[in-house]
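Structure first, then comments.
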Ligand SMILES: Cc1cc2nc3c(=O)[nH]c(=O)nc-3n(C[C@H](O)[C@H](O)[C@H](O)COP(=O)(O)OP(=O)(O)OC[C@H]3O[C@@H](n4cnc5c(N)ncnc54)[C@H](O)[C@@H]3O)c2cc1C
């Protein structure tokens, strides 16, 4: 190990434990922790106020955790290559390690950083930390080699069979003593955001996992699609900022599965939860192997499919005023909280792509303005999956009927009424009927805050879309 320090540049990996990047940096020298606010960070944070609030809180917590270990975070603003070269000159550092990006813009920035650092005579090491099982481990295990899996089922077969690495960093890492000054920690206002109270950072992430494992995890199979229940883990934002290690989550769940006292339904639930975590890794490796898929359909033949760029009722969808209560509740949940229940995301996204025939990128970019999660690859992968142009290789897209989904997964109307306040006093039996058929709903139509009529006829639109899809794809 060199006597010179080694810089670790934090990005979407805001924690100290089980950290592949920190472990790599620590193997080269005492670690100098740096956080760079460059144009990429500014752009992502300026796009969603709650995302900015999450980042600021998580960076502050990371700095506190470093101070407890006698170190501190050096925050700098500017282009990453110049900032890091400058810090390296000031500290005598031998090189820089960071966690690899999986989205096209991030991967390009990584490549630029690597070459500029190397030209300056510094070592540059991008480490796979975000996924529980890194794309290169999957590729190494794959019999046929190639550029990653395009279908989830064979990917999951391999994923399941691989062990998850562990990087017990607090025991190994030593931080460098440095006289270098830090600029102030980031504040939401610098990204144009108001402060938001947000559960952010490593401690909140650990608490979310503990809450989930204490109850909902063993009923995940039954609860994961019921939006009124807290039946999913709510880990997505924490995972996207790396406030919790995906490896740690997978290891913990795998260990629970081995508990001989579990009921078989409980074990099945935990397996399903692992499948969700594997989906995340799957989309990350897809983004890594196919950078163009961030903006282009993964399926070549679907690149020319004529999705519309707009629709006369697009603004109603954006606002959560489609007249379909489950879709509207989901969109309003997103506006209010920065998160939307996973199953409702699928229904609301399907509505945009199929009922309105609008391009999945319009929906992805719209939700990006509200989501806390900072995961462009997962957003594109999922939107493509729903739109039937990505990795889900079904013959025809799955078009969700929003009313059937509401009756099945929110039969009491609890979720819908929580977010669509105009409907809070409407009897549940009336929710699915035409306004004209129901006296109480018809009355509500005359109020100034009336709930809107359905903006389209779902059955008609679904049939019309499928006809266009068949004509194009067959
Ligand atoms: C149209 C659409 C858009 C989406 N956009 C995003 C996005 O921008 N960013 C994002 O992080 N997730 C996105 N998702 C995936 C998923 O809905 C969210 O991660 C959701 O917040 C998970 O909630 P949870 O943590 O309670 O999930 P849980 O059900 O508890 O799952 C545990 C973890 O598994 C991972 N996971 C679960 N489902 C998926 C999935 N379908 N794809 C990838 N990973 C998954 C997540 O990391 C999640 O935290 C999208 C899904 C759809 C259908």
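The values are calculated or read from the model by the stated rules, or taken from the named source; none is laboratory data. Note that the structure is a prediction, hence the values are computed from the model and not measured. Cβ sites come from the backbone with ideal geometry, for glycine too, and all protein chains shown count toward neighbours.
Residues that are near the ligand (Cβ under 9 Å from one of its atoms) and either at pLDDT 95 or above or within 24 Å of residue 409 (Cα to Cα) (or both) do occur in the range 197-208, at least one of them.
The rows are residues; the columns are (1) surrounded by fewer than 20 Cβ atoms within 10 Å (Cβ to Cβ); (2) in a loop (DSSP other than H, G, I, E, B); (3) touching a helix residue (DSSP H, G or I) at 6+ places or on another chain (Cβ under 7 Å).
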{"residue": "159", "(1), (2), (3)": "no, no, yes"}
{"residue": "186", "(1), (2), (3)": "no, yes, yes"}
{"residue": "190", "(1), (2), (3)": "yes, no, no"}
{"residue": "194", "(1), (2), (3)": "yes, yes, yes"}
{"residue": "227", "(1), (2), (3)": "no, yes, yes"}
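For the range 305-322, the set of residues classified as touching a helix residue (DSSP H, G or I) at 6+ places or on another chain (Cβ under 8 Å) and over 25 Å from residue 48 (Cα atoms) consists of 305, 306, 307, listed by residue number.
What residue, among those in the range 390-404 that are closer than 21 Å to residue 317 by Cα and within 13 Å of the ligand (Cβ to nearest atom), is surrounded by the most Cβ atoms within 10 Å (Cβ to Cβ)?
Filtering first and then ranking leaves 400.
Every condition in (1) assigned to a helix (DSSP H, G or I); (2) over 17 Å from residue 279 (Cα atoms); (3) touching a helix residue (DSSP H, G or I) at 6+ places or on another chain (Cβ under 9 Å) holds for residue 211 except the one numbered (3).
Condition check ((1) over 24 Å from residue 125 (Cα atoms); (2) free of Cβ contacts under 8 Å to residues at least 12 places away in the same chain; (3) crowded, with 20+ Cβ neighbours inside 10 Å) across all residues:
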{"site": "8", "(1), (2), (3)": "no, no, yes"}
{"site": "13", "(1), (2), (3)": "no, no, yes"}
{"site": "33", "(1), (2), (3)": "no, no, yes"}
{"site": "38", "(1), (2), (3)": "no, no, no"}
{"site": "47", "(1), (2), (3)": "yes, no, no"}
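When residues in the range 101-142 are screened for being more than 23 Å from the chain's Cα centre (by Cα), crowded, with 19+ Cβ neighbours inside 10 Å and in a helix (DSSP H, G or I), 2 of them pass. In the range 410-424 there is no residue that is closer than 30 Å to residue 12 by Cβ, within 10 Å of the ligand (Cβ to nearest atom) and assigned to a helix (DSSP H, G or I).
Being surrounded by fewer than 21 Cβ atoms within 10 Å (Cβ to Cβ), out of contact with any strand residue (DSSP E or B) (no Cβ under 6 Å at 6 or more places or on another chain) and either assigned to a helix (DSSP H, G or I) or at pLDDT 95 or above (or both) is true for just one of 43, 51. Which residue is that? Explain how you work it out, then say what you get.
Details: 51 fails: surrounded by fewer than 21 Cβ atoms within 10 Å (Cβ to Cβ).
After applying the criteria, what remains is 43.
Among the candidates 129, 110, single out the residue that is within 21 Å of residue 293 (Cβ to Cβ) and touching a strand residue (DSSP E or B) at 6+ places or on another chain (Cβ under 8 Å).
On the way: 129 fails: within 21 Å of residue 293 (Cβ to Cβ).
Step by step, each of 129, 110 is checked, and only 110 is within 21 Å of residue 293 (Cβ to Cβ) and touching a strand residue (DSSP E or B) at 6+ places or on another chain (Cβ under 8 Å).
Among the residues of the range 258-305, those that are part of a loop (DSSP other than H, G, I, E, B) and more than 16 Å from the ligand (Cβ to nearest atom) comprise 258, 259, 260, 261, 262, 263, 296, 299, 303, 304, 305.
To keep it simple, each residue is scored yes or no on (1) crowded, with 23+ Cβ neighbours inside 10 Å; (2) assigned by TED's automatic domain parsing to the domain that holds residue 455; (3) away from the ligand (no atom under 11 Å from the Cβ); (4) within 14 Å of the chain's Cα centre (by Cα).
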position	(1), (2), (3), (4)
315	no, yes, yes, no
318	no, yes, yes, no
328	yes, yes, yes, no
344	yes, yes, no, no
349	yes, yes, no, no
360	yes, yes, no, no
368	no, yes, no, yes
376	no, yes, no, yes
383	yes, yes, no, yes
